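Working notes for the structure below.
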Amino acid sequence: KPRIFSGIQPSGGLTLGNYLGALKRFAALQGGEAETIYCLVDLHAITVWQDPETLRRNIREAAAAFMAAGVDPRQSVLFNQSQVSAHAEMAWLFNTVARVGWMYRMTQFKDKAGKNTENVSLGLLAYPALMAADILTYQATAVPVGEDQKQHLELTRDIAAKFNHDYGVEQFPITEPLIEGVATRVMSLRDGSKKMSKSDPSDASRINLTDSADAIAQKIRKARTDADPLPGSVDGLKDRPEARNLVNIYAALADATPDHVLSQFEGQGFGAFKPALAELAVASLEPITRRMNDYMADPAEIDRILGEGSVRADEIATPILERTKEIMGLLRTR
Ligand code: AQP
């Protein structure tokens, strides 16, 4: 049976990039042929320092964001990673399969470690092996992600293939990345060459799912753009990354193609486009923010939902983990 798995790090407030690149699609994939499993990857978040109290809040807030964006804990398995110990155990097994050189080649590691590669956590380097464990502990067949996760998914496929080859089995599927739509890489509002990110030091670079309507409108008004009018089709947006980004955001929010959006705004400048985008963004995000606040008013209910999700996740993961250990020759006597 096809099975979809994906996750988000609760390493800060979620952004419009996380919503369009991930959450909105997670919700849309429910109710189809595939089982859907969604995870708040808190063990990934701690690969860089997290204040414990803030992390606890961010995990609950991310759960609220998932549900507010339409992930239904009855239709999908929704839980936080650290409550299902199979993830960490499988990650260790994969640490013995993956090669150190593969890890050093990951661009996210290079970006996050910078020049300081000797003094980052070992977990930051091993991050993709844990991600492979998240996916393969459920034998997931497809993973919806943004463009930035493509390289990590290739590594997951490499780990699955090497495991299957080394042990002469077909234990793990070669998982397909689902990188679809116009919002697979939402860019920073301040710099069209950088992705919108929850850990960017500039709050003006991103729209947070908790931002007020005024804050959203102001950030869009101040977003970096050029002075040219909008062209009639996307071909005219070459070498205009900031303009392209705003058009893509509009298209993703409106469930339209960028060409369709441009046909409406052809010849107009950003003085006209930005207020229209702000209005659309506020109208789309306001109900989500409101629902998030409702969920956050009852943290005990969030905890109950995550607890229940983790029990269901555990039931799927544990037999796959046990079988993997058996294949590797790890003796079990009870
Ligand atoms: N800007 C983006 N556009 C489209 N998709 C995005 N995603 C993240 N940013 C964008 C997708 O959201 C999912 C969860 O990402 P993550 O939280 O696991 O980590 P990340 O990709 O590293 O996201 P951030 O926001 O940049 O987090 P920090 O700043 O903590 O590193 C993934 O599917 C991702 O593709």
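When the solvent-accessible area of region 214-297 is split by element, carbon and sulfur atoms take up 47 percent of it, the probe being 1.4 Å.
In this structure, the pairs whose alpha-carbon distance is over 25 Å, taken from 110/222; 112/162; 110/194; 115/162; 162/195; 115/238, are 110/222; 112/162; 115/162; 162/195; 115/238.
Enter the accessible area per residue of the chain (Å², integer; probe 1.4 Å; all protein chains in place).
Working: 15620 Å² over 334 residues.
Per residue, the chain has 47 Å² of solvent-accessible surface.
Helix 86-95 axis versus longest C-alpha principal axis of the chain: approximately 80°, rounded to the nearest ten.
About its Cα centre, the dipole of region 203-294 is roughly 240 debye, where the only charges are +1 on Lys and Arg Cβ and -1 on Asp and Glu Cβ.
Placing unit charges on each Cβ (+1 for Lys and Arg, -1 for Asp and Glu) gives the chain a dipole about its Cα centre, and among 251, 149, 83 the Cα reaching farthest toward its positive end belongs to 149. For the chain, the longest principal axis of the Cα atoms and the long axis of helix 52-68 meet at an angle of about 70 degrees.
Using only side-chain charges placed at the Cβ, +1 for Lys and Arg and -1 for Asp and Glu, the dipole size of the chain relative to its Cα centre rounds to 540 debye.
Cα convex hull, region 7-98: 120 Å³ per residue, rounded to a whole number.
What dipole magnitude, in Debye to the nearest 20, does region 110-265 give about its Cα centre under +1 on Lys/Arg Cβ and -1 on Asp/Glu Cβ? Walk me through the numbers on the way to the answer.
Numbers: 19 positive and 23 negative charges, 107 e Å.
Using Cβ point charges on Lys, Arg, Asp and Glu, region 110-265 gives about 520 debye.
So for region 215-334, averaging the separation of alpha carbon pairs under 8 Å that are six or more residues apart and normalising by length, what relative contact order in percent results? Taking the mean separation of contacting Cα pairs over the length of region 215-334, I get 25 percent. In sequence order, region 204-220 has phi-based couplings of 5, 7, 9, 9, 8, 5, 9, 5, 6, 4, 5, 5, 4, 4, 5, 5, 5 Hz under the Karplus curve 6.51 cos²θ - 1.76 cosθ + 1.60, θ = phi - 60°, and Gly or Pro positions carry x. Label-to-label distance for residue 311 and residue 199 is 3.4 nm, based on points extended 7 Å past Cα in the beta-carbon direction. Surface composition of region 1-102: carbon plus sulfur atoms hold 53% of the accessible area, using a 1.4 angstrom probe and ignoring ligands, DNA and RNA. When the Cα positions of 174, 295, 109 are compared along the charge dipole of the chain, 109 comes out farthest toward the positive end, with charges on each C-beta of Lys, Arg, Asp and Glu. Across the options 281, 260, 230, the greatest Cα extent toward the positive end of the charge dipole of region 203-294 (unit charges at beta carbon of Lys, Arg, Asp, Glu) belongs to 281.
Remark: the residue 48-residue 74 segment gains 6.2 nm on full extension, using 0.36 nm per residue and subtracting the alpha carbon distance.
Rounded to the nearest 0.05, what FRET efficiency is calculated for residue 326 and residue 99 with R0 set to 22 Å and r the Cβ-Cβ distance?
0.40
Over the chain, one equal point on each Cα, no solvent: what is log10 I(q)/I(0) by the Debye formula at q = 0.09, 0.13, 0.15 Å⁻¹? The Debye formula, applied to the Cα set alone, gives -0.50, -1.00, -1.27.
Based on the Kirkwood radius over alpha-carbon pairs, what value in µm²/s does the Stokes-Einstein equation return for the translational diffusion coefficient of region 203-294 at 20 °C and 1.002 mPa s? Can you show the working numbers first?
Values: Rh = 13.6 Å.
Calculated translational D: 158 µm²/s.
Using just the helices of the chain, give the 222 nm mean residue ellipticity in deg cm²/dmol: DSSP H runs with n ≥ 4 each add -39,500 (n - 2.57), and the total is spread over all residues, rounded to 500. Please report the intermediate quantities before stating the final value.
On the way: 13 runs with 169 residues, N = 334.
Calculated from helices alone, the mean residue ellipticity at 222 nm is -16000 deg cm²/dmol.
The angle between the Cα long axis of helix 241-254 and the longest principal axis of the Cα atoms of the chain comes to about 80 degrees, rounded to the nearest 10.
The values are calculated or read from the model by the stated rules, or taken from the named source; none is laboratory data. The shown structure was predicted, so the numbers you read here are calculated from the model rather than taken from an experiment. Note that we place each Cβ from the backbone using ideal geometry, even for glycine, and neighbour counts take in every protein chain shown. Heads up: the accessible areas ignore ligands, DNA and RNA and are worked out on the full protein's heavy atoms, side chains in. Shrake-Rupley method; radii C 1.70, N 1.55, O 1.52, S 1.80 Å.
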